[in-house]
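Every read-out reported here was derived from the displayed coordinates using simple, explicitly stated rules and does not represent laboratory data. Remember, it's a predicted structure, so these values are computed and weren't measured experimentally. Ideal geometry is used to build each Cβ from the backbone, glycine not excepted, and the neighbour counts take in all protein chains shown.
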Amino acid sequence: MILRTQLTFLLLFLFALTAHAAKSTGISRIGHAIQMGAFADVKNAERFTAKLQAKGIEAFYFRKDNGVYAVRFGDFPTKEKARAVAKKLVAERMIASYYIAPPNEVVFSRPKGPGWQKPQPDEIKNSGEHLQPVVPAESPAKPPVKKAKDTKDMGAIAARTAERFVGIPYRWGGDNVVEGMDCSGFVRAVYNLCGLSIPRTSRDQFKAGDDVNRNDLRDGDLVFFGSSADKINHVGIYVGDGKFVHAPRRGEEIKITAVTESYFEKRFVGARRYF
């Protein structure tokens, strides 16, 4: 019975994504997504994400402005399809609440600069010691939707979004991670939060987008590293001042590094722009 329930859910999930299946080979706008959770501890968000990934669901977690972590997944053509999958998860007691994120929602548009401070522990009310979110399903208190002004702004928004991951020990690729999957999964998650779907692996990401000269790098561009264009094994997001944000290796914290750092300078292969 349990196996049948899981199979039904998986079939429903795959059906909901049918309209967007072509995006695995290119770049396209994100549709509706499902967001859940209010975790004070990043390990709880990571554990819940892994639980979804174990069911074949491509999920990722991120830190919100209030300091708690949320989990997001899915790329649905309609709100109804997204809600159907979310309700299925509620029925299977995997989640207790959810928020349907609309297309073109910009999660972070405010720069992480002098006016932004990381919330202190006493500002976080949820202990995060359980896997269930604390907001009622389809709560009317939904986060405000910010619309992207134009594509010229999106690179800067992607860069600022990437900076908000700094300090998070990121594990995106699941247990069966391939080489470089965490770094490519990280940039994919950032672009997802900016409303754009890009390929999953660093090699495929390098094949997409517009070629950018190293001297013309702008905020939000992806920078690639490896022994050659055919052997790319690392990727990060350029954030200005000759620096990029990336996931160094599994379990390590997201960090900011200079492109000119010896190790990366020797392995710089190229850059791509998607906005």
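Can you compute the FRET efficiency between Arg29 and Asp216 using 1/(1 + (r/R0)^6), with r the Cβ-Cβ distance and R0 = 30 Å? Round to the nearest 0.05.
That pair, Arg29 with Asp216, gives E of 0.75.
Order by neighbour count: Glu265, Glu46, Glu92, fewest other Cβ atoms within 10 Å first, most last. Provide the component values of the computation, followed by the final result.
Details: Glu265 11, Glu46 20, Glu92 14.
Taking fewest neighbouring Cβ atoms as first place, the list is Glu265, Glu92, Glu46.
Which ordering of Met36, Met154, Met94 is given by a fewest-first count of other beta-carbon atoms within 10 Å?
Details: Met36 26, Met154 22, Met94 18.
Listing Met36, Met154, Met94 from fewest to most nearby Cβ atoms yields Met94, Met154, Met36.
For Ser202, Ser28, Ser262, Ser97, which order do you get if you count the other beta carbons within 10 Å of each Cβ and list the fewest first?
Ascending number of Cβ neighbours within 10 Å: Ser262, Ser28, Ser97, Ser202.
Using modelled amide H (1.01 Å from N, peptide plane; none on Pro or chain starts), what sits under 5 Å from the amide H of Ala101, excluding residues fewer than 5 places away?
HN-HN under 5 Å from Ala101: Ala33, Ile34, Gln35.
For region 151-275, rounded, prolate or oblate, judged on the Cα gyration tensor with a ≥ b ≥ c (square roots of eigenvalues), a/c < 1.5 rounded, else prolate if a/b > b/c?
Numbers: a/c = 1.24, a/b = 1.09, b/c = 1.14.
Because its axes are fairly even, with a/c under 1.5, region 151-275 counts as rounded.
Pop out the ³J(HN,Hα) list for region 243-250 in order, Karplus 6.51 cos²θ - 1.76 cosθ + 1.60 with θ = phi - 60°, rounded to Hz; leave Gly and Pro as x.
10, 9, 9, 7, 9, x, 7, 3
Residue by residue through region 222-238, what is 3J(HN,Hα) from phi via Karplus (6.51 cos²θ - 1.76 cosθ + 1.60, θ = phi - 60°)? Round to whole Hz and write x for glycine and proline.
My calculation for region 222-238 gives 8, 10, 10, 9, x, 7, 6, 5, 8, 10, 7, 10, 7, 8, x, 10, 6 Hz in order.
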